[in-house]
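The values are calculated or read from the model by the stated rules, or taken from the named source; none is laboratory data. All figures in this text were calculated on a predicted structure; none of them were measured in a lab. Cβ atoms come from the backbone with ideal geometry, glycine included; neighbour counts cover every protein chain shown. All accessible areas refer to the heavy atoms of the entire protein, side chains included, with ligands and DNA or RNA removed. Shrake-Rupley method; radii C 1.70, N 1.55, O 1.52, S 1.80 Å.
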Amino acid sequence: AHTDNRELLAETMRLGHLPGSTILGSEHMSKLHKLAEEGKSCIIFSEHVSNLDVPSMYLRFKDFKDKCFESIFEKFIFIAGLKLNQTPMVKLYAELFSRIVIYPIREITKNIGDESKKEELELANKINYSATKQIMNLRKKGHIFILYPAGTRYREWEPESGMGMKETMAYLGIFDYFCCCSISGNNMPPKEHGDMTNEAFLEDIIVFNFGEVTETASFVKELTEKHKDTIDKDSARQIQVDEIMSRIKTLHDAGDAYRNKLL
């Protein structure tokens with residue numbers, strides 16, 4: 001992370017975070033952090049609603065009543081799509097935070113079999129190989145990784161954008177523990193025109209809600225036994241990501257209930 005301008009960003013973000021913006025489930029976040037400090041590999045599967053999700057999380061951790069949370073945030077490494085590096089204005093904000101850049105799995109899946117995309121797919125595989133190698137190197141060194149299993153921001157006019165991608169569950173097997181995170185409220189909703197630099201900055205109550213910490217091996221074993229009659233590798237990953245997205249939805253509903261009392 002290049003942190004020199006973070007304080008300026010925090011001042012800007014505070015203009016959009018209305019009173020009541022907070023973190024719920026902080027005890028779960030503290031538990032995950034403790035496990036990471038003990039050398040366990042940890043990942044957060046988060047809802048994705050805005051290009052300001054990461055700056056919003058930074059501000060909420062920085063301003064949280066438990067001052068340990070500001071240092072916890074510094075342990076986060078975001079798994080970020082290549083798109084955030086391709087627009088200079090967006091990259092300026094993205095590189096304020098520690099991240100490992102990947103070529104989006106959604107795009108790889110879409111381009112498989114297209115001969116005109118052969119060179120691009122080769123580059124994508126090289127990028128993702130290097131990213132995975134780096135994740136493996138860092139995962140047991142006190143860091144907490146954050147991944148968006150939907151692979152994109154939720155856009156209400158594209159319902160499929162809110163569905164989890166089974167390919168993201170390839171990460172599940174290399175981590176010891178995980179928790180889920182929802183985001184209620186949105187300072188910068190996506191627009192249909194697709195230009196990330198031309199989205200409006202809005203005031204809102206922003207609520208992050210963290211769920212219970214789960215041991216990955218137990219999670220996989222439980223789902224496998226529950227669906228043992230129909231499961232194979234491909235369907236197993238779909239079942240896993242569906243369960244994670246269901247947990248995120250439950251957290252989101254609870255975050256909305258808290259937020260709606262204040263609106």
Requested in this report: Would you mind listing how long segment 136-263 runs along its three principal axes, going by Cα atoms, in whole Å with the largest first?
Outcome: 45, 33, 29
Query - In segment 220-263, the trypsin sites (Lys or Arg not before Pro) that fall in loop regions by DSSP, at most 13 other Cβ within 10 Å - result: 228, 261
Report summary line: Residues whose modelled amide H sits under 5 Å from the amide H of residue 21, counting only those 5 or more places away in sequence or on another chain, are 206
Query raised in the report: residue 92 versus residue 111, label points 7 Å from Cα toward the beta carbon: distance in nm?
Result: 2.7 nm
Report task. Could you list which residues have their amide H under 5 Å from that of residue 146, counting only those 5 or more apart in sequence or on another chain, with H placed in the peptide plane? Result -> 44, 77, 78, 79
Requested in this report: Take every Cα pair under 8 Å in the chain that's 6+ residues apart, average their separations, divide by the length, and report that relative contact order as a whole percent.
Outcome: 29 percent
Requested in this report: Binning at 5 Å from 0, report for segment 79-216 what percent of all alpha-carbon pair distances ends up in each bin.
Outcome: 2, 8, 14, 20, 22, 18, 11, 5, 1, 0
Query raised in the report: Which of these, 50, 235, 98, has the largest mean-square fluctuation under a Gaussian network model of the chain (Cα springs below 10 Å)?
Result: 235
**Report entry** segment 176-227: relative contact order in percent, alpha carbon pairs under 8 Å with at least 6 residues between
**Finding:** 48 percent
Requested in this report: Measure off, as a whole percent, the carbon and sulfur share of the 1.4 Å-probe accessible area of segment 1-87, all protein chains present.
Outcome: 51 percent
**Report entry** Label-point separation, residue 233 to residue 195 (7 Å along Cα→Cβ), nm
**Finding:** 4.4 nm
Query raised in the report: What number, in percent, do you get for the relative contact order of segment 60-114 if the mean sequence gap of Cα pairs under 8 Å and at least 6 apart is divided by its residue count?
Result: 30 percent
Report summary line: Here the longest stretch of the chain that holds no chymotrypsin sites (Phe, Trp or Tyr not before Pro) in a DSSP loop having at most 16 other beta carbon atoms within 10 Å is 1-156
Query - GNM top mover of 11, 199, 47 - the chain, alpha-carbon springs below 10 Å - result: 11
Report task. Can you pull a Stokes-Einstein diffusion coefficient for the chain at 25 °C (0.890 mPa s), Rh from Kirkwood over Cα pairs, as a whole number of µm²/s? Result -> 128 µm²/s
Query raised in the report: Could you give the accessible area per residue of the chain, probe 1.4 Å, as a whole number in Å²?
Result: 52 Å²
Report summary line: Full extension between residue 225 and residue 11 adds, at 0.36 nm per residue less the Cα distance, a length in nm of 72.1 nm
Requested in this report: Can you grab the distance from the C-alpha centre of segment 140-190 to the C-alpha centre of segment 216-240, Å, no decimals?
Outcome: 19 Å
Query raised in the report: For the chain, what is the mean residue ellipticity at 222 nm derived from helices alone (per DSSP H run of n ≥ 4: -39500 (n - 2.57); sum divided by total residues; nearest 500 deg cm²/dmol)?
Result: -13000 deg cm²/dmol
Query raised in the report: Among 12, 23, 77, whose Cα sits farthest toward the positive end of the charge dipole of segment 1-78 (+1 at Cβ of Lys/Arg, -1 at Cβ of Asp/Glu, about the Cα centre)?
Result: 23
Query raised in the report: So who's got an amide H within less than 5 Å of the one on residue 155, skipping anything under 5 residues away but keeping other chains? H placed 1.01 Å off N, in plane.
Result: 161, 162
Report summary line: With all protein chains present, segment 134-263 has a carbon and sulfur share of its accessible area (1.4 Å probe) in percent of 49 percent
**Report entry** Within the chain: Cβ-based charge dipole about Cα centre, in debye rounded to nearest 20 (Lys, Arg +1; Asp, Glu -1)
**Finding:** 600 debye
Requested in this report: Using only the alpha-carbon atoms of segment 1-105, report the extent along each of the three principal axes, biggest first, to the nearest angstrom.
Outcome: 37, 33, 26
Report task. Please report, in debye to the nearest 20, how large the charge dipole of segment 123-170 is about its Cα centre when each Lys and Arg carries +1 at its beta carbon and each Asp and Glu carries -1 there. Result -> 440 debye
Query raised in the report: GNM, the chain, Cα, under 10 Å: largest mean-square fluctuation among 187, 111, 209?
Result: 111
